[in-house]
Structure formats: structure tokens, C-alpha cells
Amino acid sequence: MKTYLSSKEIQAMQDAAGYLRDRIIIAFYAETGCRVSELLGVTVEQIDFKGKAVLIPHLKRGIHKTCPKCGRRGGRSTYFCSRCGADMSKVEAEGIEQRSRLINLSDKLLAAIREYIKSNNLKPTDRLINLSRQQVYYIVRDLAEKAGLKGRMILNPETGKNHYVHPHNFRDALAVDWLKEEGDADGMKALQQQLGHRSFETTARYNKLNPETTRDLSEKIRKKRFG
């Protein structure tokens, strides 16, 4: 069962796109590994054609909880107050954290973006892709089907359920291919920055999407131990 998209499958989706906008959507997600909402928040002025990069803003809501009894602050996943022991499992997280990161873009993608901006007369403050999340989901799923990727074919190892191809799969694919090439500590740290993860543990979860690596390593160790 598939847990991520291959580079050939992603290229097939780009080739199936009949509109420049849709090709840009697929290429952007594939190259950057950004979240669905992050692309939809990118404006024209955040693209640095000279530096060959894009500034990805990341606005995260609900970053901390406040104890209703003693007022001590905890993380968004805090269940009990570390000071008074009060139950905080039902306390709503609040607060906003705004971060941003620069991600490199290929010459090919930048050329397509430049053409798209010119043909649509986009202003610096305009959103590059002026669509809703639902519209992007539909485009990705439609192109996946045109590329022969039909049905609930992607397995989520966390839930054990299969789902249709959606934008987050490009993020998964980038992470898996990245870790295949650069799976050491430096590579993991670079991937963490690329994907905008605050926690290193979140980045490490992508190892679960590549069962082949675990299988091969397991077989290697088994042979070494028992012959």
C-alpha cells in the first residue's frame, strides 16, 4: 500500500494540468513542501525572483493555555497545570505566533510564476493563487485521477486509513525523498526548517512514511545477528 507519492507520479500530475495555474500549484507544493494554507497566503511581493526564493509566512493560532485556577501558562497540549494540578484538558488554547521562512524555488517554477503574474496582471499585494482550500483540494484530486492515481490509494500510517491524493501528500513526498538522501542529523534539521516545524519530533515522524527503509535495515540487522 502506498504511503507517499513518487516523483514520477507528481510529474504525471503536472503533465496532466491543462492550466498554468494548476501546474504552478502542483510544482509549488512539490518543491517547497509547504502547507495547503501557506501557498494560498503567498502574495506576489513575497516572491524574490532575483534571490530565487519565496517568503512563506506561517501564522499559528492556539499556542498556549492558561490555568483557570492559578493563571500559570502551559503549552497547547497541556492537560494538567504544573503548578496547582488543575485539569486543563478542556481549556481552549489561545495566542498567536507568527513566523516565516525562506524557501528556494527552481528556475522553471519561477518562470511559470512570472508568466502567470504577467498574464493575470497581478499586483504586488495580490495573492498568487486566489483560491479556497476546497478548490485546491478539488484541483489536486482531479489531476491525480487524470494521472491514473484514482481512489483511496494513500495509506496514513497514523490512522491506518486510506484516502484520496490531497495537497499534504506533496509535503510527505518531499520529506521522504529528503530523508532518503540526507537522513543524518544535519539533514533532519534542514528538513525541519524547510517544512517549518517547531518540533524536531514532528519532522522525525516522516520516517514512518518510508517502510522500505525500515524493512531493509531490519533485514540487514537480522542477517548480521543470526546469519
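Observations on the structure shown:
- Test result for E31, touching a residue at least 24 places away in the same chain (Cβ under 8 Å), touching a helix residue (DSSP H, G or I) at 6+ places or on another chain (Cβ under 7 Å) and closer than 11 Å to F170 by Cα: yes
- Test: T43 is in contact with a strand residue (DSSP E or B) (Cβ under 8 Å, 6 or more places away or on another chain), in the same structural domain as Y116 (by TED's automatic domain parsing) and of a type in the set (S, T, Y): yes
- Elements of type strands (runs of 3 or more DSSP E) contained in the stretch 71-185, each with 2 or more residues being under 19 Å from the mean Cα position of the chain (by Cα): 94-104, 154-156, 161-163
- Residue match in the stretch 3-10 (condition: out of contact with any Ser or Thr (no Cβ under 8 Å at 6 or more places or on another chain), farther than 21 Å from V136 by Cα, in contact (Cβ under 8 Å) with a residue 24 or more places away in the chain and of a type in the set (D, E)): no
- Within the stretch 15-28, the presence of a residue that is surrounded by 12 or more Cβ atoms within 10 Å (Cβ to Cβ) and more than 30 Å from K123 (Cα to Cα) is excluded.
- Residues of the stretch 25-57 satisfying the condition of being of a type in the set (A, V, I, L, M) and at pLDDT below 90: I56
- Checking K60 against (1) of a type outside the set (S, T, Y); (2) at pLDDT 95 or above; (3) more than 30 Å from Y19 (Cα to Cα), the condition it does not meet: (2)
- Screening the candidates L102, L109 for the property of being surrounded by fewer than 17 Cβ atoms within 10 Å (Cβ to Cβ), hydrophobic (A, V, I, L, M, F, W, C) and closer than 30 Å to V44 by Cα yields one hit, L102.
- Of all residues in the stretch 41-70, those being surrounded by fewer than 19 Cβ atoms within 10 Å (Cβ to Cβ) and either among the aromatic types (F, W, Y) or not in a loop (DSSP other than H, G, I, E, B) (or both) number 18.
The values are calculated or read from the model by the stated rules, or taken from the named source; none is laboratory data. All values derive from a computational prediction rather than experimental measurement. Neighbour counts are summed over all protein chains in view; Cβ atoms, including those assigned to glycine, are modelled from backbone coordinates with ideal geometry.
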